[in-house]
1. Could you list, in sequence order, all residues of the stretch 4-27 that are assigned to a loop (DSSP other than H, G, I, E, B) and within 14 Å of the chain's Cα centre (by Cα)?
2. Name the residues in the stretch 41-67 that are among the charged types (D, E, K, R), over 23 Å from the mean Cα position of the chain (by Cα) and loosely packed, with under 10 Cβ neighbours inside 10 Å, would you?
3. Would you check if there is a residue in the stretch 28-40 being outside any strand (DSSP E or B), of a type outside the set (Val, Ile, Thr), modelled with pLDDT of 90 or more and surrounded by 10 or more Cβ atoms within 10 Å (Cβ to Cβ)?
4. Of all residues in the stretch 1-23, how many are small (Gly, Ala, Ser) and either under 30 Å from Gly33 (Cβ atoms) or in contact (Cβ under 8 Å) with a residue 60 or more places away in the chain (or both)?
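The values are calculated or read from the model by the stated rules, or taken from the named source; none is laboratory data. Note that the structure is a prediction, hence the values are computed from the model and not measured. Virtual Cβ from ideal backbone geometry, glycine too; neighbours counted across all protein chains shown.
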Amino acid sequence: MIRLTSEKIGVIFTKRSYGEFAPWISTPVLKPGITKANFENLQVDMIETPVPLSAEKKKDIGAICRI
């Protein structure tokens, strides 16, 4: 099981068992010094035009949809 919380930015909690009393194990996934402020000021360039899917990607998606 995986759990993400807004209180602990950059930490993923995992649990190996579905049991109620099994402990959650925390794993930091960000580099040291990265804070919530880094994400608040993040500039992301938007893609203006759609990116066409390759024939291989269409085949993969079709195979997934048939499951």
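1. Leu4, Thr5, Ser6, Ile9, Gly10
2. Glu48, Glu56, Arg66
3. no
4. Residues meeting the conditions: 2.
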